[in-house]
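The values are calculated or read from the model by the stated rules, or taken from the named source; none is laboratory data. All values derive from a computational prediction rather than experimental measurement. With ideal geometry, Cβ positions are generated from the backbone for all residues, glycine too; neighbour counts draw on all protein chains shown. What goes into the accessible areas is simple: the full protein's heavy atoms, side chains included, and nothing from ligands, DNA or RNA. Shrake-Rupley method; radii C 1.70, N 1.55, O 1.52, S 1.80 Å.
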Amino acid sequence: AVGRGRAALSAALGAAALLALGGPGIAALLAGAVAVAALALVARRQIGGQTGDVLGAAQQLGEIAILVTLAAA
């Protein structure tokens, strides 16, 4: 299991890498955040919260949103 500190560091490094790209990176970061937030709202409404499967889906959805946004830039 990964501790909170390592998870936070990984998220910060990923965000910093996207922000270093400038405009397209900012758009990609926002797209990923919006996609994951939308999934979280659906999971809360449908099943009352999150499970491991929801977390895995959030990772995949966020990554896809970021990559599609970067490819469109």
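Annotations for the structure displayed:
- Qualifying positions in region 55-65 - crowded, with 17+ Cβ neighbours inside 10 Å and among the aliphatic types (A, V, I, L, M): A58, A65
- Candidate set from region 29-73 (those that are of a type in the set (S, T, N, Q) and in a helix (DSSP H, G or I)); member that is farthest from A15 (Cα to Cα): Q46
- Filtered residues of region 1-33 (kept if more than 16 Å from the chain's Cα centre (by Cα) and surrounded by 12 or more Cβ atoms within 10 Å (Cβ to Cβ)): L21
- Exactly one residue among V68, V42, V36 is modelled with pLDDT of 95 or more, among the β-branched types (V, I, T) and open to solvent by less than 60 Å² (accessible area, probe 1.4 Å), and that residue is V36.
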